[in-house]
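Written out below as structure tokens is the structure these notes cover.
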Number of protein chains: 2
Amino acid sequence: MKYSFIETKQDSHFPIQNLPYGIFQPMNKEPRAGTAIGDYVLDLSVMDEAGLLNGTGAENKNIFNDSSLNNFMALGRPIWTAVRTRLQHLLDVNTPDLRDNESLRAKAFHRLADVNMLLPAKIGDYTDFYASKEHATNVGTIFRGKDHALMPNWTYIPVGYHGRASSIVPSGTKIRRPFGQRKSKSTDQPVFSPSVQLDFELEIGWFIGPGNDLGKPIPIDQAEDHVFGLVLVNDWSARDIQAWEYQPLGPFLAKNFATSISPWVVPLEALEPFREAGPIQDPAPFSYLQQTKNGAFNIELDVYLRPENQKEETRITQTNFNYMYWSIAQQVAHHTITGCNMRPGDMHASGTISGPKRIERGSMLELTWRGTEPIQLNSGEKRIWIEDGDELIIRGSCRGDGYQIGFGEVSGTILPSFSEIEILQKGKNKA
Amino acid sequence: MKYSFIETKQDSHFPIQNLPYGIFQPMNKEPRAGTAIGDYVLDLSVMDEAGLLNGTGAENKNIFNDSSLNNFMALGRPIWTAVRTRLQHLLDVNTPDLRDNESLRAKAFHRLADVNMLLPAKIGDYTDFYASKEHATNVGTIFRGKDHALMPNWTYIPVGYHGRASSIVPSGTKIRRPFGQRKSKSTDQPVFSPSVQLDFELEIGWFIGPGNDLGKPIPIDQAEDHVFGLVLVNDWSARDIQAWEYQPLGPFLAKNFATSISPWVVPLEALEPFREAGPIQDPAPFSYLQQTKNGAFNIELDVYLRPENQKEETRITQTNFNYMYWSIAQQVAHHTITGCNMRPGDMHASGTISGPKRIERGSMLELTWRGTEPIQLNSGEKRIWIEDGDELIIRGSCRGDGYQIGFGEVSGTILPSFSEIEILQKGKNKA
């Protein structure tokens with residue numbers, strides 16, 4: 001097994017087998033690209049400047065001395081692989097170049113605890129899928145009853161919709177409870193108020209690499225060449241706003257107030273040892289959705305809730321990305337089959353990841369069955385929806401033999417809504 | 001009435017009262033910002049370089065010497081007004097500065113026919129609304145029957161959904177007929193083929209200016225301060241793909257293969273003389289949607305279809321933007337009420353604009369009542385959907401006393417789909 005001269009404990013999310021990419025900002029310095037190793041981040045702009053990336057095809061392009069990974073994402077798989085191979089070599093316990101160069105090490109490494117993590121990319125378009133059969137069945141049962149749970153199209157197409165890119169925020173950003181219209185079944189008219197059914201959605205997202213020209217679909221066997229890497233996603237949702245607004249054009253305001261993502265993008269290459277067969281697909285997909293290799297990944301996913309002013313987190317979900325019915329490649333191929341163009345830095349997300357057991361459900365909506373079965377927290381409190389001050393944390397990792405490929409975490413804390421007067425009169429804008 | 005020393009005929013779309021902004025590319029030169037006047041475009045980067053924009057607040061910022069208007073859009077209403085006032089002064093028949101400076105004129109003016117028009121902005125997010133009551137009623141009747149035509153939420157909320165920004169293209173871009181899944185009512189299973197129900201949607205779009213911070217809604221009385229200007233939009237739609245995919249998360253692939261826009265952004269200021277009261281809203285909107293001034297604009301809109309290899313266009317739609325139930329300001333206020341952030345260059349569109357008469361319907365779906373009532377073209381041909389080689393052209397203008405504020409046009413011609421083999425195996429990508 002490979003080891004780095006940077007010590008990484010066995011439970012570290014960031015051993016030399018991982019090397020996720022992110023954009024970080026050291027104190028009083030400009031943002032730049034880095035890779036995480038143990039408790040440290042390696043500054044890739046320093047590596048490039050020192051000539052240590054020469055020959056990879058990524059050198060001397062100012063792509064690491066940048067506030068987003070978009071230009072790196074645009075370079076494509078052969079160069080990503082060359083950079084990754086080089087970094088694994090440079091960080092290897094037996095490679096002296098960086099290990100024994102104290103002044104370079106001093107410049108190149110920062111403690112993770114000392115830097116600010118930003119969004120990894122300028123996200124042009126964000127698409128959210130609906131690829132978990134268990135989730136779609138749960139939601140369908142809750143909203144339309146058991147007999148109409150899964151729409152007839154669901155087993156034929158990876159259902160998805162366009163999301164809001166501007167409100168994607170990095171882990172740690174506080175989330176303001178949104179206002180909106182909601183209507184209960186017992187009344188004729190809606191009311192305007194803060195949402196009272198605030199929810200999370202446990203998802204996995206992926207960033208698009210080179211992309212395709214408008215009018216030219218990405219064939220499924222090339223689809224993974226366009227997947228730079230994966231992150232954890234919490235697609236915050238206001239279920240009361242959603243229920244009232246979503247017909248006939250789908251979720252809109254219920255989702256666009258915030259989507260939180262983990263800052264470290266785990267390369268697809270790091271996940272190869274955890275590739276496996278997904279669920280059997282019946283009916284057989286159309287030819288443009290037939291993938292020749294296994295398309296699922298075994299990623300263990302946990303969700304924790306921590307009430308305000310408490311230290312203890314309660315694990316409320318424990319599931320796995322390998323439950324997903326539609327694979328990443330199938331979702332990319334489907335998205336582009338009309339000729340829709342992908343651009344470097346676009347983000348897709350899987351939709352809520354749920355498994356067959358109750359603890360495996362990836363949203364409050366499903367966990368509490370729309371508020372009818374409260375969750376018990378370790379503190380003794382109960383929850384049916386997320387309350388003000390609650391922190392929601394998603395963690396994920398692949399468990400290898402003696403190491404793990406971790407995603408870090410995505411967390412967010414709910415701030416109370418403004419008052420209605422503040423919303424209507426005091427909204428200060430840049431205009 | 002104001003006149004320019006650049007002669008503009010009475011039927012010109014671009015008199016001195018208009019002065020729309022766009023990004024143009026002269027032969028063998030870099031893209032830059034301009035304003036249209038008569039048959040000419042005035043290069044704003046040349047105006048700025050010559051010092052003629054000094055004192056407006058937009059000078060010496062390299063915002064006109066740029067390939068998008070985003071940085072100009074970000075400056076906000078007071079600076080937009082100052083620039084517009086200055087340009088009207090500089091172009092006035094009585095102002096000698098530009099009129100009598102032959103060498104500057106030679107540098108600053110290009111014939112519209114000689115330049116390439118590009119997208120006016122880098123569009124971060126694109127949102128499509130559904131704000132015409134006639135359109136929503138027509139579509140609802142066609143898909144769900146007369147008794148369930150309008151959803152209960154429709155008169156309470158400006159329904160909208162997130163669209164695809166990457167596939168927005170400027171007028172003139174050819175559109176490839178998309179592949180997709182579709183299912184007829186008479187069969188159990190869908191088929192995979194090129195769309196056979198290709199449609200247009202006549203819409204008006206607007207570009208967002210300064211925008212708001214995440215978590216801080218834009219109050220409705222400030223909403224128009226964030227509206228830079230308007231364009232014509234054709235939101236191409238594949239109705240067969242849409243019918244099969246849209247439940248429960250809304251239109252996705254049916255819309256993301258292309259959206260065409262006119263290249264000249266007509267400033268909101270130019271439309272002030274054509275502001276008027278919109279339809280009476282019953283029930284009264286919630287407070288956050290109550291607009292104190294008139295929110296509708298009288299913009300005459302026409303759609304023409306020209307079959308391949310024919311010269312003659314047939315006008316198939318003749319309607320008006322003032323039919324819209326929800327105003328621009330209401331749509332902006334609603335979009336941000338959750339705290340969703342707008343960024344300079346974001347685009348909203350109104351949704352299909354239809355009026356009560358048959359000729360006023362803004363899509364083939366409505367004009368032919370889902371293919372049951374063919375349209376007769378001047379050539380004697382009939383149409384129920386758009387065919388390969390057809391060119392679709394939308395034109396719009398406000399008719400003033402002795403002048404008009406025109407939008408120019410947005411056109412697009414349909415290319416035949418690739419073969420299935422080309423789609424699945426020969427898709428060449430940048431990867």
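Based on the inverse mean of 1/r over its pairs of different Cα atoms, what is the Kirkwood hydrodynamic radius of segment A:126-426, in Å? Before the final figure, lay out each step's value.
On the way: mean 1/r = 0.0506 Å⁻¹.
For segment A:126-426, inverting the mean 1/r across all distinct Cα pairs yields 19.8 Å.
Can you find, among A:Pro190, B:Gln291, B:Pro96, the residue farthest towards the positive end of the dipole of the protein assembly as shown? Put +1 on the C-beta of Lys and Arg, -1 on that of Asp and Glu.
Going by the charge dipole, the pick is A:Pro190.
Counting each DSSP H run of 4 or more residues in the protein assembly as shown as -39500 (n - 2.57), what helix-only mean residue ellipticity at 222 nm follows after dividing by all residues, to the nearest 500 deg cm²/dmol? Numbers along the way, then the final one.
On the way: 22 runs with 156 residues, N = 862.
The helix-only estimate for the protein assembly as shown comes to -4500 deg cm²/dmol at 222 nm.
Relative to the other copies, what are the label-point distances for A:Lys9, with labels 7 Å from Cα along the C-beta vector, expressed in nm at one decimal and sorted shortest first?
So the distances to the same position in the other copies read 8.0 nm.
Inter-copy label distances at B:Glu422, 7 Å along the Cα→beta-carbon direction, one decimal in nm, shortest first?
Counterpart label points of B:Glu422 in the remaining copies fall at 5.7 nm.
What length, rounded to one decimal in nm, is gained on full extension from A:Glu269 through to A:Gln318, with 0.36 nm per residue of separation minus their alpha-carbon distance?
Values: separation 49, 0.36 × 49 = 17.64 nm, distance 2.45 nm.
Stretched out fully, the A:Glu269 to A:Gln318 stretch lengthens by 15.2 nm.
At what distance in nm do the modelled label points of B:Thr292 and B:His148 sit from each other, each positioned 7 Å from its Cα along Cα→Cβ?
Spacing of the two 7 Å Cα→Cβ label points: 4.3 nm.
Restricting to Cα atoms and excluding each atom paired with itself, what does the Kirkwood estimate give for segment A:96-157 in Å? It would help to have the intermediate numbers written out before the result.
Details: mean 1/r = 0.0595 Å⁻¹.
When all Cα pairs of segment A:96-157 are included, the Kirkwood radius is 16.8 Å.
Quick one: if the Förster radius is 51 Å, what FRET efficiency do A:Ala106 and B:Ser67 give, using the C-beta to C-beta distance and rounding to 0.05?
The pair A:Ala106/B:Ser67 has a calculated efficiency of 0.80.
Taking θ as phi - 60°, what are the ³J(HN,Hα) couplings along segment B:249-262 by the Karplus curve (6.51, -1.76, 1.60), each to the nearest whole Hz, with x for Gly and Pro?
These are the phi-based 3J(HN,Hα) values: 9, x, x, 9, 5, 4, 10, 8, 7, 4, 9, 9, 10, 6 Hz.
Evaluate peptide B:146-153: per residue, the Cβ atoms of other protein chains within 10 Å of its Cβ; return the mean as an integer.
On the way: counts 0, 0, 0, 0, 0, 6, 6, 9.
Counting Cβ atoms of other protein chains within 10 Å of each residue's Cβ and averaging gives 3.
Once you charge only the Cβ atoms, +1 for Lys and Arg and -1 for Asp and Glu, what is the size of the charge dipole of segment B:14-153 about its Cα centre, to the nearest 20 debye?
On the way: 14 positive and 16 negative charges, 68 e Å.
Value, rounded to 20: 320 debye.
Apply the Karplus parameterisation 6.51 cos²θ - 1.76 cosθ + 1.60, with θ equal to phi minus 60°, to every residue of segment B:225-240 and state each ³J(HN,Hα) to the nearest whole Hz, in sequence, with x for glycine and proline.
5, 9, 9, 6, x, 10, 9, 7, 10, 10, 8, 3, 9, 9, 5, 6
Please name which of A:Leu52, A:Met342, B:His162 has its Cα lying farthest along the dipole of the protein assembly as shown towards the positive end, using unit charges on Cβ (Lys, Arg +1; Asp, Glu -1) and the Cα centre as origin.
Checking the options against the dipole of the protein assembly as shown, the answer is B:His162.
Using the Cα centre of segment B:126-426 as the reference point, and only Cβ charges (+1 on K/R, -1 on D/E), how large is the resulting charge dipole? Debye, rounded to the nearest 20.
Details: 28 positive and 36 negative charges, 118 e Å.
That gives a dipole near 560 debye.
Averaging sequence separations of C-alpha pairs under 8 Å and six or more residues apart, then dividing by the length of chain A, give the relative contact order as a whole percent. Before the final figure, lay out each step's value.
On the way: 1014 pairs, mean separation 87.7, N = 431.
Once normalised by length, the contact order is 20 percent.
Can you pull the accessible area of B:Glu49 for me, 1.4 Å probe, Å² to the nearest 10?
Accessible area of B:Glu49: about 140 Å².
When you have a sec, figure out the Kirkwood radius of the protein assembly as shown from all distinct Cα pair distances and drop it here in Å to one decimal?
Evaluated on the protein assembly as shown, it is 28.3 Å.
Taking every residue in B:174-187, how many Cβ atoms of other protein chains lie within 10 Å of its Cβ, on average? Walk me through the numbers before you get to the answer.
Values: counts 1, 3, 6, 3, 6, 6, 6, 8, 0, 3, 0, 0, 0, 0.
Shielding by partners across B:174-187 averages 3.
How many percent of the alpha carbon pairs in segment A:58-99 exceed a separation of 12 Å?
Values: 549 of 861 pairs.
Tail of P(r) above 12 Å: 64 percent of Cα pairs.
I need the calculated FRET efficiency for the pair B:Met1 and A:Val191, taking r as the beta carbon distance and R₀ as 41 Å, to the nearest 0.05.
On the way: r = 50 Å, r/R0 = 1.23.
The value I calculate is 0.20.
Over 20 Å between Cα atoms, which of A:Lys133/A:Lys357; A:Lys255/B:Lys122; A:Lys29/A:Lys107 qualify? Numbers along the way, then the final one.
On the way: A:Lys133/A:Lys357 13 Å; A:Lys255/B:Lys122 23 Å; A:Lys29/A:Lys107 13 Å.
Those over the limit are A:Lys255/B:Lys122.
Using DSSP, restrict attention to beta bridges with both residues in chain A and report what percent are antiparallel, rounded to the nearest 5. The partial results should precede the final answer.
Values: 64 of 72 bridges.
Roughly 90 percent of the DSSP beta bridges within chain A come out antiparallel.
Would you please state which residues of segment A:158-194 a label at A:Glu422 would reach in this model, taking the label point 7 Å out along Cα→Cβ and a backbone N cut-off of under 15 Å?
The answer is A:174-180, A:194, whose backbone nitrogens lie closer than 15 Å to the label point.
Using a ≥ b ≥ c from the Cα gyration tensor of segment A:1-92 (square roots of the eigenvalues), is it rounded, prolate or oblate, where a/c under 1.5 gives rounded and otherwise the larger of a/b and b/c decides, a/b for prolate?
Values: a/c = 1.80, a/b = 1.26, b/c = 1.42.
It is oblate, given that a/c is not under 1.5 and a/b is not larger than b/c.
Tell me, what is the percent relative contact order of segment B:21-118, built from C-alpha pairs under 8 Å that lie six or more residues apart?
On the way: 138 pairs, mean separation 35.5, N = 98.
That works out to 36 percent.
What is the set of long-range amide H partners of B:Ile16 at a cut-off below 5 Å, with H atoms built 1.01 Å from backbone N?
B:Ser4
Which shape class applies to segment A:289-392: rounded if a/c is under 1.5, otherwise prolate when a/b exceeds b/c and oblate if not, where a ≥ b ≥ c are the square roots of the Cα gyration tensor eigenvalues? Let's see the in-between values first.
On the way: a/c = 2.70, a/b = 2.19, b/c = 1.23.
Judged from the Cα gyration tensor, segment A:289-392 comes out prolate (a/c at least 1.5, a/b above b/c).
If we hang a label 7 Å off Cα along the beta carbon direction at B:Asp401, how far is it from the matching labels on the other copies, in nm, shortest first?
The answer, with the shortest distance listed first, is 8.8 nm.
Which residue in B is nearest the B/A rotation axis when you measure from the C-beta atom, and what is the distance in Å?
Nearest Cβ to that rotation axis, in whole Å: B:Gly250, 1.
The values are calculated or read from the model by the stated rules, or taken from the named source; none is laboratory data. Predicted model only: the values in this text are computed from it and were never measured. We place every Cβ from the backbone using ideal geometry, glycine too, and count neighbours over all the protein chains shown. Accessible surface is based on the protein model in full, side chains and every heavy atom, while ligands, DNA and RNA are left aside. Shrake-Rupley method; radii C 1.70, N 1.55, O 1.52, S 1.80 Å.
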